[in-house]
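Working notes, beginning with the structure itself.
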Amino acid sequence: MAFKVEFHKGIVKIELPDSPSMDDFTKIKKRLEDVEDISVVKVDLRKCSYIQSKVVSNIIALKKMLNEKKAKLILTNVQEGVMQLLEITNLINFVQIEKDFSSYSVDELAEFFIDPEVCDAVSDYIATHYNDEFRNKMFELLNSDDPIFKEYAILTIGKAHDVTALDTIRHALNDEVGNVNKAAILVLGWMGDEESKEEIYSFLESDFIDVAEAAAASIALLSDEDDSHKLGEFLKSPDERLRRIAIQALTLINDDDSYNFLKNHVKNETSEMVRATLAKSLSFYNKAEVADILLDLLKDESLKVREAAASSLIRINAKSKIGDILQRVTDEDSWVGYFAAKAIGELCREKTCSDYLIKVYDRVEQNVKLAIVHALGNIGINCSDFLMGLMSDKNEDIRKEALEAIYKIEKEKAVEMAESALNEDDNWVVRFKAVDILANAKPSGYQDFLRSIYEKENNRYVKEKILSVLEGL
Amino acid sequence: MFDVEEKAGKKIVYIKGEVNGETGLELKNNVLEIFKQIDTVILSFKNVIYMNSSGLREIIDLLKRSKRDKKELRLCEMSGDIRDMFSFTGLDKVFQIFDSESAALR
C-alpha cells in the first residue's frame, strides 16, 4: 500500500504504509521539493509497528530537506516499537513527536478511552471537534456495558456542552459504578441542571470520596439562596469527611450565609484537620474580619491549624495586621512565634519588620530564631552584619539558614561566607548549602575553588554535590 | 475590574480582585464584545484573589457561548488556590488552562 499525502494551509500530512520503502521516501521528497510555502510536515506512523533503520536515515534526510525549506518535521502517532528505535538512534532528541488524533476514525478514537495515557486527550479532541458523527458515537457509548466508555462519553458530552444528552446523563446518576456517577454529577453541574440538584445531594454521603466531592462541587455550581442553609446542616454531622466536603461547597458558594456558618463553626469544630480546612476556607471570603479570625487561629492548639492560619494570612495579603503578627513572634508558645515569623517573612518588606525581628532574636526559642533568619532573607533589607554574626552560631541549621538569607540580600557577601564555610565549617549541611550558593552565584574562578575543596572534602554528600556542579559545567 | 491588551493577534484580559456573579457577568459581556473583533481571548487570573460559584457560572456560560460562535477561550496564570477551584468542580477538564501567559499565547 502506498503513502497518502494531504495539503492544508501550509501543513502537509503524510500517512506512511505499514512497511514504508526507500521508494516511498524518494517519491515523498520529490513531491515536497516542488511545493512552496510549507510550514509543517507531519509524518504519520500509526500503521508502522516497526521500521527498518534505512527508513530512519530517510527520515533524517527528509528533516534536512525541510530545514532548508524552513519547515518543521513532526512524527505523529509513533508506536512503541518505532519509539524504541528512535531512542536507540538518538533521533528522539531531534524530531518533534506528537499524537495526531485527526488520523483516526471515530470508532478508533473511542477505543482510546480505555487507554489511561491518552483518554483525557482524546476526550478533549472529540469535544473540540464535536459533530454529528462524534455525537452519535458518544450516545452509543452512553448505553455501553463498559463503565469506562460510559464515563468518558459523559465527560466528553459535558465538555462539548451537548444538552440534548441531559436525560441520559441524569439517568447515569442511578448507575451502579461510582466513576459513572461522578462523571454524571460533574457534567450536570457544568450544564447548570438545577433539576438534578436534589438527587445530587444524596451523593454527599457516598462511600466514594471522589463521588462525594463531585457532588459538593456540583451543588455549589447549581446553588441558590437556600443551599448554604442546607449544606450548613452537614457541618453538624459526626462524619468528619462530610463536614470537610460541606466546607468546600460552602466556600465555593461564598455568600454571607455560608460565611456565617463557617465563621461560627470554627469555634465548635473538634477535628484539627477540619479546623485547618476552615482556616484555609475563610481566606476565600473578602471580609475585613477574616484577618482577625486567622490571627486568633495562630494560637490554636493544633500546629496544623496554626500553619493553615499563617498561610491564609499570607494568602489574603494581611499587611494591615503586620503589627499584630509581629507581636506574636515573641509569644510564650514558641510555635505561635514560629508561624508568626514565617508570615512576616512573606508579608513585609519594610525595615521596621527586620529591625523588630533582630531586636527580639535573642529572646526567642531556637525554632523561632530559624523562622526569623528565614524571614530576614525574604524581607530583603540589608542586615548582613547581623546575619554574618550568626555564621558562628553553634546550631548548624541557623548557620545554613543565615547563609541562604545573606545570599538573598547580598550575593557578594554570601559568596565570601560560602567560601569561608567550605574551608572552615565543621558541619556538612552548611558546606552543602555553601556549594549550592557558589553554583548559583557563579563567581569568577569558582570551578577551580570547588575542585580544590573537592580534594580535601571528606563528606560523601558534599563531594557528590561538588561533582554534580562541575559535571554540569 | 480588568484591563485588556492585544498580544500576538490575541486579546488578553487581565482580571483583577474578585470574580463573583456581578463582576463575572460584566466580564462575560465584555469578552463577548471582544470576540466580535478577534477569535482568541485569554483570561489572565494572575491578580484574582477571590472567586465564587456565581462567578464560575458566568465563566462557564462564556465558554459555552464562545464555543457556539467558534471562538477560543483560554485561561492562564492561576494561583494554586484558584486552580484548586477549577479542579474541585472538574472544570479543569473543560477549560484550556495554561500555567503562563506565554504558554497561552502559543
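Of all DSSP beta bridges confined to chain A, the antiparallel ones make up roughly 30%. Of the trypsin sites (Lys or Arg not before Pro) found in the range B:21-95, those in coil by DSSP whose Cβ has at most 14 other Cβ atoms within 10 Å are B:K36, B:K70.
Of the GluC sites (Glu not before Pro) in the range A:238-313, the ones in a loop by DSSP (not H, G, I, E or B) with at most 16 other beta carbons within 10 Å are A:E289, A:E301. Here the accessible area of chain A is 46 percent carbon and sulfur, with a 1.4 angstrom probe and all protein chains present.
Aspartates and glutamates within cross-link reach of B:K28: Cα-Cα under 18 Å, excluding same-chain residues under 8 positions apart? Excluding near neighbours in sequence, the set is B:D3, B:E5, B:E6, B:E18, B:D39, B:E58, B:D61, B:D69, B:E72. A DSSP coil position with no more than 15 other Cβ atoms inside 10 Å describes the following GluC sites (Glu not before Pro) in the range A:127-218: A:E176. Pairs from the table (A:K351/A:K463; A:K359/A:K408; A:K47/A:K69) lying more than 31 angstrom apart at Cα are A:K351/A:K463. The apolar share of the surface of the range B:2-105, taken as the fraction of accessible area on carbon and sulfur atoms (1.4 Å probe, ligands and nucleic acids excluded), comes to 43 percent. The A-B contact accounts for approximately 2100 Å² of buried accessible area, totalled over both chains at a 1.4 Å probe radius.
Scaled against the 2.2 N^0.38 Å expected of a compact globular protein of N residues, the Cα radius of gyration of the range A:104-222 reads 1.00. Sequentially through the range A:453-465, phi angles give Karplus couplings (6.51, -1.76, 1.60; θ = phi - 60°) of 5, 4, 4, 9, 5, 10, 8, 4, 5, 5, 4, 4, 5 Hz, Gly and Pro residues having no value and appearing as x. How high is the relative contact order of the range B:2-105? Use alpha-carbon pairs under 8 Å, at least six apart in sequence, and give a whole percent. About 28 percent, as a whole number. Based on the alpha-carbon gyration tensor of the protein assembly as shown and its eigenvalue square roots a ≥ b ≥ c, which shape applies: rounded if a/c is under 1.5, prolate if not and a/b is larger than b/c, or oblate? Because a/c hits 1.5 or more and a/b fails to exceed b/c, the protein assembly as shown counts as oblate.
Only lysines eight or more places from A:K280 in sequence, or on another chain, were considered; those with a Cα closer than 16 Å are A:K263, A:K267, A:K299, A:K304. Relative contact order of chain A: 5 percent, from C-alpha pairs under 8 Å at least 6 residues apart in sequence.
With respect to the cross-link table entries A:K287/A:K319; A:K319/B:K16; A:K13/B:K7; A:K159/A:K230; B:K11/B:K46; A:K42/B:K11, which display a Cα-Cα separation exceeding 20 Å? Table pairs above 20 Å Cα-Cα are A:K13/B:K7; A:K159/A:K230; A:K42/B:K11. Rolling a 1.4 Å probe across the protein heavy atoms gives the range A:206-348 an accessible surface of 41 Å² per residue. Partner aspartates and glutamates whose Cα lies under 18 Å from the Cα of A:K72, excluding those fewer than 8 positions away in the same chain, are identified as A:E6, A:E15, A:E33, A:D34, A:E36, A:D37, A:D44, A:E98, A:D100. Once backbone amide H atoms are built at 1.01 Å from N, B:I42 has B:K11, B:I12, B:V13, B:R74 as its partners under 5 Å, excluding neighbours fewer than 5 places away on the same chain. With a threshold of 27 Å on the Cα-Cα distance, the over-threshold entries among A:K150/B:K67; A:K137/B:K93; A:K150/B:K93; A:K150/A:K236 are A:K150/A:K236. Above 17 Å, the calculated P(r) of the range B:11-106 contains 44 percent of its Cα-Cα pairs.
The values are calculated or read from the model by the stated rules, or taken from the named source; none is laboratory data. For clarity, every value in this text was computed on a predicted model and none was experimentally measured. Don't worry about glycine lacking a Cβ; one is built from the backbone with ideal geometry, like all the others, and counts go over all protein chains shown. Just so you know, the surface numbers come from the protein's heavy atoms only, side chains and all, with ligands and any DNA or RNA stripped out. Shrake-Rupley method; radii C 1.70, N 1.55, O 1.52, S 1.80 Å.
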